[in-house]
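Chemist: Please find one structure pasted underneath; my questions will follow.
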């Protein structure tokens, strides 16, 4: 059985799509999957069982990247084409069956929406597969000392990024002698392009307890490292979804994005959002996510610390 699975450009959306991918893999264990996605998300699938090819779609003018995908896939008779981008290409490929997901603006989580596409009454969880090289690298980076508090202090635009000084204060409280992770080392994660935003957090915490991993991990090594951590706290981002898929207790910090659609998904996940709701944050005059500054001001350290303690108590 041959399956073409067309998923997202963004890392977070691609992680969430693994819920459907995992369901299909379990339902059709003999299937061979070809994944088509954006270049940033492509490494997520490099260790996924039964994936025989990953096609990284580099965006081109006039949507020529879709033509390139058609050229790569038109010679195959597919048993199933799953198109989570609602592109026209799935209708120009030879296939016995199509599943096409279209943008869903209801207050429904993306994972539940994908489950509906597959006719499932219960949504499967997103799942990432790592290789031995990723797990070995994570073990070497963390060493034997525990516990580990992992932080994701960056986001893909400034409006969603909680202030660095608040991440620092939150980490200090949670790792203090009377905190939920006393004496924990603090792993700071982020992309190489985000080093400038993460640097104040790295610099302000005790050097002997910080593990600076910003720009130093591929996505699956990050997943393996998060699986070995004790808690992850971060802004709404792809890294947050990787953390949740790894199984680590994950607290997502939300403001100008909708947790109804994009909350971290998993058994031990939670959200704390700003005192101002989404509509209050993005409904102001002149709002433009490209130019608007930080919108996380009304999320206090007290609010985040209380949410972290509640999440921790759920598993103890």
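Derivation of every value follows stated rules applied to the coordinates shown; laboratory data play no part. Since this is a predicted model, take the numbers as computed values, not measurements. Note that each Cβ is placed from the backbone with ideal geometry, even for glycine, and that neighbours are counted across all protein chains shown.
Chemist: How many angstrom lie between the Cα centre of region 80-129 and the Cα centre of region 144-170?
Modeler: 32 Å
Chemist: For the chain, take the longest principal axis of its alpha carbons; what is the angle in degrees between that and the long axis of helix 64-73, to the nearest 10 within 0 to 90?
Modeler: Compared with the principal axis, the helix lies near 60 degrees.
Chemist: Report Rg/Rh for region 181-260, rounded to two decimals, where Rg is the Cα radius of gyration and Rh the Kirkwood radius.
Modeler: Working: Rg = 12.5 Å, Rh = 13.2 Å.
Rounded to two decimals, Rg/Rh equals 0.95.
Chemist: Okay, next question. For the residues 162, 265, 157, what sequence is obtained by ranking on other C-beta atoms within 10 Å, fewest first?
Modeler: Working: 162 27, 265 21, 157 14.
So the ranking, lowest neighbour count to highest, is 157, 265, 162.
Chemist: Could you work out how far helix 301-314 tilts from the main Cα principal axis of the chain, as a 0 to 90 degree angle to the nearest 10?
Modeler: Here the helix axis deviates by roughly 70 degrees.
Chemist: Below 8 Å between Cα atoms, with a sequence gap of 6+, how large is the relative contact order for region 157-316 in percent?
Modeler: Relative contact order comes out at 26 percent.
Chemist: Order by neighbour count: 276, 220, fewest other Cβ atoms within 10 Å first, most last. Intermediate results must be reported in sequence, preceding the final value.
Modeler: Numbers: 276 16, 220 25.
Placing the least packed residue first, the sequence is 276, 220.
Chemist: Moving on. Taking other Cβ within 10 Å of each residue's Cβ, how do 240, 94, 231, 303 sort, fewest first?
Modeler: Details: 240 28, 94 11, 231 24, 303 17.
Ascending number of Cβ neighbours within 10 Å: 94, 303, 231, 240.
Chemist: Over region 2-117, what relative contact order in percent results from Cα pairs under 8 Å that are six or more residues apart? Provide the component values of the computation, followed by the final result.
Modeler: Numbers: 184 pairs, mean separation 31.6, N = 116.
This gives 27 percent for region 2-117.
Chemist: Over the chain, calculate the relative contact order: mean separation of alpha carbon pairs under 8 Å at least 6 apart, over the residue count, as a percent.
Modeler: Relative contact order, the chain: 17 percent.
Chemist: Moving on. How far is it, in nm, from the label point at residue 289 to the one at residue 120 when both lie 7 Å from their Cα along the line to the Cβ?
Modeler: Using points 7 Å along Cα→Cβ, the separation is 2.5 nm.
Chemist: While we're here: Taking the chain as a Gaussian network, where each spring joins two C-alpha atoms under 10 Å apart, which residue of 106, 268, 195 fluctuates the most?
Modeler: Largest GNM mean-square fluctuation: 106.
Chemist: So how tilted is helix 195-204 from the main axis of the chain? Cα-based, degrees 0 to 90, rounded to 10.
Modeler: 30 degrees
Chemist: Here is a further query. Label-point separation (nm) for residue 276 and residue 165, each offset 7 Å from Cα along Cα-to-Cβ?
Modeler: 1.9 nm
Chemist: Now, a different point. In whole angstrom, how long is each semi-axis of the equivalent ellipsoid of region 2-117, when you take the square root of 5 times every eigenvalue of its Cα gyration tensor and sort them from largest down?
Modeler: Numbers: eigenvalues 73, 60, 44 Å².
Taking √(5λ) for each eigenvalue gives 19, 17, 15 Å, largest first.
Chemist: Then there is this: Express in % the proportion of alpha carbon pairs of region 133-314 at distances exceeding 29 Å.
Modeler: Details: 2364 of 16471 pairs.
Distances greater than 29 Å cover 14 percent of the Cα pairs.
Chemist: Each label point is 7 Å from the Cα along the Cα-to-Cβ direction; what then is the distance between the points at residue 146 and residue 107, in nm?
Modeler: Calculated label separation equals 3.9 nm.
Chemist: If we sort 293-302, 167-176, 278-287, 247-256 on the protection proxy, mean other Cβ atoms within 10 Å, highest first, what's the order? The partial results should precede the final answer.
Modeler: Working: 293-302: 16.2, 167-176: 20.4, 278-287: 12.3, 247-256: 24.8.
Descending mean neighbour count gives 247-256, 167-176, 293-302, 278-287.
Chemist: Normalise the Cα radius of gyration of the chain by 2.2 N^0.38 Å (N = residues in it) and let me know the number.
Modeler: Working: Rg = 20.0 Å, N = 316, 2.2 N^0.38 = 19.6 Å.
For the chain, the normalised Cα radius of gyration comes out at 1.02.
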